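Report on the structure given below.
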Amino acid sequence: MSKLLVTLSELGAPRVIAQATFYLFIGLLMAYLSTSPTYQYADDTAVELKLVIRHSGLFIGECRPISEAEAGKLRPNMRAPQVCPREKSSMNVSLAVNDAPFHEGVIKPAGLHNDGVLALYRHFTLVAGKISVRLAIENGKDGLRVFEQVIDANPADVLLLQYDDAGFRFSKAAERGAG
């Protein structure tokens, strides 16, 4: 039967001391790196603005009834009373802060057939104080929707500007590092 346990005398004192020293070094290095160097997320005098857009989008085109000839070409379980398009329209987004343009772009629907959700996430660092925000969104047949608000932002605040199916929301989130 083979010996699974090796005694200390068989291993050798220099080898045990070297191994203990190595593990002590690794442990001290891990302890140091878990607390230092300190990482500062952002300047304490700055304000962070997060722009979050998540909209289901609008379909391009209208549903139309299916003709008898078209229905005859389909299997019985595939016959629907009408055919609706899958593709959704893109959305134009324009963000201005303190009357200066911050972001302009087009959000395209996700998905292989452009039939998914329109989503965007951007964050900006601003100077604390009075902040005027103007978000303009144009989405096909919905037309132009504009949101404007002025907020007094304190240093280290996080401002959250959201647009989704329910509309616009603008709020102060918890301070950085809290919660």
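I'd like the full set of residues that are free of Cβ contacts under 8 Å to residues at least 60 places away in the same chain and closer than 17 Å to VAL106 by Cα, limited to region 144-167.
Within region 144-167, LEU144, ARG145, VAL146 meet the criteria.
Quick one: count up the residues across region 153-164 that are at pLDDT below 90 and either closer than 30 Å to LEU58 by Cα or surrounded by fewer than 17 Cβ atoms within 10 Å (Cβ to Cβ) (or both).
2
Take region 91-119 and flag every residue that is farther than 21 Å from PRO155 by Cα and buried (at least 17 other Cβ atoms within 10 Å of the Cβ).
Looking only at region 91-119, we keep the residues that are farther than 21 Å from PRO155 by Cα, and these are 91-95, 101, 103-119.
MET91, VAL93, LEU95, ILE107, PRO109, LEU118 - these are the residues of region 91-119 that are farther than 21 Å from PRO155 by Cα and buried (at least 17 other Cβ atoms within 10 Å of the Cβ).
Under 9 Å between Cβ atoms, which residue pairs at least 6 apart in sequence (or on different chains) link something in region 45-70 that is on the phi > 0 side of the Ramachandran plot with a partner that is surrounded by 14 or more Cβ atoms within 10 Å (Cβ to Cβ) and at pLDDT below 85?
Listed pairs, sorted by first residue: GLY57/ASN139; GLY57/GLY140.
If you check every pair at least six apart or on different chains, which have Cβ atoms under 8 Å apart with a residue in region 104-123 that is over 15 Å from TYR163 (Cα atoms) first and a residue that is at pLDDT 90 or above and loosely packed, with under 13 Cβ neighbours inside 10 Å second?
Qualifying pairs under 8 Å: none.
Take ASP152 and tell me if it is within 26 Å of LYS88 (Cα to Cα) and either in a strand (DSSP E or B) or charged (D, E, K, R) (or both). Reasoning before the result, please.
Details: within 26 Å of LYS88 (Cα to Cα): no; either in a strand (DSSP E or B) or charged (D, E, K, R) (or both): yes.
So ASP152 fails the test.
Hey, among GLU48, GLU68, which residue is among the acidic types (Asp, Glu), surrounded by 15 or more Cβ atoms within 10 Å (Cβ to Cβ) and out of contact with any Gly (no Cβ under 9 Å at 6 or more places or on another chain)? Spell out the reasoning first.
Values: GLU68 fails: surrounded by 15 or more Cβ atoms within 10 Å (Cβ to Cβ).
Testing whether each residue is among the acidic types (Asp, Glu), surrounded by 15 or more Cβ atoms within 10 Å (Cβ to Cβ) and out of contact with any Gly (no Cβ under 9 Å at 6 or more places or on another chain) leaves just GLU48.
Which members of region 87-123 meet the condition of being in a loop (DSSP other than H, G, I, E, B) and within 18 Å of the chain's Cα centre (by Cα)?
Going residue by residue through region 87-123, those that are in a loop (DSSP other than H, G, I, E, B) are 87, 89-90, 98-99, 108-117.
Hits for region 87-123 are LYS108, PRO109, ALA110, GLY111, GLY116, VAL117.
Among what's in region 131-143 and is loosely packed, with under 15 Cβ neighbours inside 10 Å and in contact (Cβ under 8 Å) with a residue 24 or more places away in the chain, pick the residue that is farthest from GLU87 (Cα to Cα). Don't jump to the end; show me each part of the working.
Step one: filter region 131-143 for residues loosely packed, with under 15 Cβ neighbours inside 10 Å, giving 132, 140-143.
Imposing the further condition that a residue be in contact (Cβ under 8 Å) with a residue 24 or more places away in the chain reduces the set to 132, 140-142.
Details: SER132: 35, GLY140: 12, LYS141: 14, ASP142: 16 Å.
Ranking the qualifying residues of region 131-143, first place goes to SER132.
The values are calculated or read from the model by the stated rules, or taken from the named source; none is laboratory data. Note that the structure is predicted; figures quoted are calculated from it, not measured. Note that we place each Cβ from the backbone using ideal geometry, even for glycine, and neighbour counts take in every protein chain shown.
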